[in-house]
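Student: What follows is a single structure, and I will ask about it in a moment.
Read-outs throughout are calculated quantities, based only on the coordinates presented, and are distinct from any laboratory measurement. Computed from a predicted model, the values in this text were never measured in an experiment. Every residue, glycine among them, receives a Cβ derived from its backbone with ideal geometry; neighbour counts consider all protein chains shown.
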Amino acid sequence: MKLFSQEQIENLSKFKSESFLTTSFYLNTDKSRMTKKEITLSFKNLLTNGRSQLDMREMSRKKKESLSQDLDKIGLFWSKHLSSYNFPGLAIFSCNSEDFWQLFNLPTPPRNRIIFDQNPYVRPLSAILGEYYRIFALTFDRREAKWYDIFMGEILLLENLIGDVPSKVREGGWKGYESKRIERHIATHLHDYFKKIAQRTFELFKKNHFDWLFLGCREKYCSDFEPLLHPYLKNRLKGWLKAMPSDSPTTVLKESLGLEKKLKKQEENEIVHRLVSELEKGGLATSGLIKTLRSLNRGEVQTLVTTRYFSKPGRICPKCHFLFVDEPCCPSCQRKTDPLVDVIDEAVEAAMDKNCGVRHIISPSKLDRYGKIGAFLRYKT
Ligand SMILES: [Zn+2]
């Protein structure tokens, strides 16, 4: 199934077996960045890694067998579906002896990993979901209003409302007195109708909780309508669409996604701008891989800011889990460090573990000039 809600994740994490462990399997299947051959290779490596983890771990034969069957089943699934699988990521949760199997198609690639634990390991799912905004698109004219819910590139019509605003001013009346009266009458109607739309939007917001509100209406209505919105909604109003209620959902979606992309880029620019000015004044920020890892190891990081798809090999201390670019021995406990294929990925993971924020910035950006990675700090030592 497609990953789309926090509720799915909550349901998944409720699963627990008294007598067996669960396999959580994540695979980066992004065909826009990797060939089929590369994906198959990382899939095989991951499964081999899973099997050697199983060999090394102490547990009852029954438990081990169930996990080994999970791996067989995942292997079988992948060999059947490799060619036709067209999502950037795959997550599978399996506990064969309890007949438990759940599969998620992911909209962004996860880090490859296999984990055996009591519960399904769901944190990467939450991280993926957390990167998407829930958008409400409201289109209206004097005849009709339509509310759409847009999330993860999909659009759903929530509701529509037919207005009862009289459509035109009839000519006539003594010295135009009559038509003026009708105009006023229409204006009142229109105002009431807008009020109704604004109220309904707030009710829908309380039910569905969206992050951003986009409005599509004629320009002349904007200034009348906006003041009617609840302050919560005014804060979330992020832009205006050209779309009208008569437009198809596809058109509304296309316009909304265009606006979303622009707003996200703006937001990213603001973050980088804030980081750079903090760095320049010597405030609570750091940049560059070595310094950022050092701050992360020391627990100083508040928000990690990294360029998306930036990847570098590195090292990890097996005891303290400190991350390094090239320390052969951990300066803290003197143990020999282990090599890592991608230390950025580990850094993101470590940041999430420590409840730090993580922001991904799309390159090119100003962050490129600061070593592609940096962080806002809680304090500096
Ligand atoms: Zn150490």
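Student: Direction-averaged shadow area of the convex hull around the Cα atoms of the chain, nm²?
Tutor: Mean orientational projected area (the chain, Cα hull): 24.8 nm².
Student: To continue, here is another question. For the modelled label position 7 Å from the Cα of ASN208 along Cα-to-Cβ, which residues of the range 104-145 have backbone nitrogen atoms closer than 12 Å?
Tutor: Residues 134-139 qualify, since their backbone N sits under 12 Å from the label point.
Student: Calculate the all-directions average of the projected area of the range 1-145's alpha-carbon convex hull, and give it in nm².
Tutor: 10.9
Student: Ignoring everything except DSSP H segments at least 4 long, calculate the 222 nm mean residue ellipticity for the chain; use -39,500 (n - 2.57) per segment, divide by total residues, nearest 500.
Tutor: -13500 deg cm²/dmol
Student: Next question. Simple spin-label model, 7 Å along Cα-to-Cβ: TYR379 to ARG274 in nm?
Tutor: In this crude label model, TYR379 to ARG274 measures out at 2.1 nm.
Student: Find how many whole Å separate the alpha carbon centroid of the range 258-290 from the alpha carbon centroid of the range 327-381.
Tutor: Here the two parts' Cα centres lie 16 Å apart.
Student: With a point put 7 Å past each Cα toward its Cβ, work out how far ARG33 is from MET152 in nm, to one decimal.
Tutor: 1.8
Student: In whole Å, how far is the Cα centre of the range 61-84 from that of the range 204-245?
Tutor: 48
Student: Size of the range 21-86 along its principal axes in angstrom, Cα-based, largest extent first?
Tutor: Here the Cα extents, ordered largest to smallest, are 41, 19, 14 Å.
Student: Need one number: the % of Cα-Cα pairs in the range 184-304 sitting beyond the 16 Å mark.
Tutor: For the range 184-304, the share of Cα pairs beyond 16 Å comes to 73 percent.
Student: What fraction of the Cα pairs in the range 266-362, stated in percent, has a spacing above 15 angstrom?
Tutor: Tail of P(r) above 15 Å: 61 percent of Cα pairs.
Student: Can you tell me the FRET efficiency between LYS261 and ARG134 if r is taken as the Cβ-Cβ distance and R0 is 25 Å, rounded to the nearest 0.05?
Tutor: 0.95
Student: Would you list which aspartates and glutamates come within 13 Å of LYS264, measuring only between C-alpha atoms, while excluding same-chain residues fewer than 8 positions from it?
Tutor: The qualifying aspartates and glutamates are GLU131, ASP211.
Student: If you don't mind, there's one more thing I want to ask. What is the angle, in °, between the Cα long axis of helix 343-353 and the longest principal axis of the Cα atoms in the chain? Nearest 10 is fine, range 0 to 90.
Tutor: 70
Student: So for the range 174-295, averaging the separation of alpha carbon pairs under 8 Å that are six or more residues apart and normalising by length, what relative contact order in percent results?
Tutor: Worked out over the range 174-295, it gives 19 percent.
Student: Turning to a different aspect of this structure: Tilt of helix 249-280 relative to the longest C-alpha principal axis of the chain, in degrees (0 to 90, nearest 10)?
Tutor: Between helix and principal axis, roughly 60 degrees.
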